């Protein structure tokens, strides 16, 4: 594997975010939760990051960081092919950026401070522009001081709808996150004091004490998360999904938090129709299977509302017994019935064999890289190929390359690896090729001792992050760069 000499990059780069965008001069400006269609095929939104008091339930009320005053931020829906502009304003008292997670947009719209844009200072504005891609579920979030800013509310869902075609009757996004009932987690991973540092000195700074201070307390802080937050609410204030018999239902699950979560759909047969905004080929009906969704991932699930009652969708973290939630799936007329849940199961959905292959030929790679997910000190910091921020591994590519990664997890925790600016095809797991539908993703959860092969075509010029989306792992060093050579 060829490597070029690494350059120094500020540590706070690793945690960043760039939010939606589009291009056009004749735009209609609307609230972020409204959709506009026009003859010019353009749409524009105002989005403001600001502090707002949020009531998660009757016992948990905090001043949160919000987009347009809500957690999650007001949902944005656009049509495939629309030219979109997000007029973003930072009304916080600290720097921020926006990241459109899952969109393969122009590099300067990616929201990574000092790689694709400068941090947006308090009181400043920035326009994010893009053309809406293929239909699917995407999301947006801060990409600066992420564990603090996303953890305190700076996230929202972006949905791209088909240009044509029938809609399902019920189409709901479900965001999954977590809080501490002890109060705000602002102090976790806060790098805001680094924003004004002289970049020329970054390469000579001893970052060990900062990493050590942060990560010695990581287990304790992770255990402080004890309150699941579903669509901005904590139990018993989690809002039901209301359906009536015969409805076609689409649920878009988005993990905006820090923990790998299990989702259990009760009673109904369902199809998994999308991963990370990408369509599953010929999905079949299944039941009694847990869907695991890691930080940054999205899963689309569809089913027919054909089992009257008041059912409970279970959502619970794999590694934190405190994080258990139930979303009522409520049929009209059954609102006063007690919520029923199925017994917990341990059969897991497997995307390696689900759906049908389109039999497309897999290209031979022109670049073949290793990505070893490790730790130099037993879990205090995390590395890629033994390197960590601010001296990351850099993978050099050129436009047109077919790039293959073999990713191996040599640690004892999950690492949801997110590639900016591209989707990749997952080819194999532990040496066994996938046999179902082609699996296209932008975030892949690699569990301890697992090895995956993935591949993508280098077709989006720029410098892109490839990092763990468990944000404390990223802050502890698990960040690499995919860099195009001109």
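None of the figures in this text is laboratory data; all of them are computed from the coordinates on show. Predicted model, so just to flag it, every value in this text is computed and none were measured. Backbone-built Cβ (ideal geometry, glycine too); neighbour counts: all protein chains shown.
Some observations on this one:
- Two-site label geometry, residue 182 and residue 450: point separation in nm, points 7 Å out along Cα→Cβ: 3.0 nm
- Placing pseudo-labels 7 Å out from each Cα toward the beta carbon at residue 91 and residue 391 gives an inter-label distance of 4.4 nm.
- Residue-span extension gain [residue 366 to residue 461] - 0.36 nm each, minus C-alpha spacing: 32.5 nm
- Sorting 45-53, 373-381 by average packing, meaning the other beta carbons within 10 Å per residue, from highest down gives 45-53, 373-381.
- Peptides 303-309, 325-331, ordered by how many other C-beta atoms sit within 10 Å of their residues on average, highest first, read 325-331, 303-309.
- Whole-angstrom gap from the range 386-419 to the range 45-73, using each part's C-alpha centre: 34 Å
- Stretching the chain fully between residue 402 and residue 347 yields a gain of 16.3 nm (0.36 nm per residue, less the alpha carbon separation).
- For the listed peptides 447-454, 409-416, a ranking on the average number of other beta carbons within 10 Å per residue, highest first, reads 409-416, 447-454.
- Going by neighbour counts of Cβ atoms within 10 Å, the residues 476, 319 line up, fewest first, as 319, 476.
- A straight chain from residue 245 to residue 125 at 0.36 nm per residue would run longer than the Cα-Cα distance by 38.6 nm.
- Taking 252, 404, 77 and counting other C-beta atoms within 10 Å, the order from fewest to most: 77, 404, 252
- Inter-label distance, nm, simple model (7 Å from Cα along the C-beta direction), residue 359/residue 435: 1.7 nm
- Neighbour-count ranking [beta-carbon atoms within 10 angstrom, fewest first] of 311, 139: 311, 139
- Residue 324/residue 486 FRET efficiency (R0 45 Å; Cβ-Cβ; nearest 0.05): 0.35
- The mean sequence distance of close C-alpha pairs (under 8 Å, at least 6 residues apart), as a share of the length of the range 54-193, puts its relative contact order at 30 percent.
- Fraction of beta bridges assigned by DSSP in the range 263-394 that are antiparallel (%, nearest 5): 90 percent
- Whole-angstrom gap from the range 127-150 to the range 231-299, using each part's C-alpha centre: 20 Å
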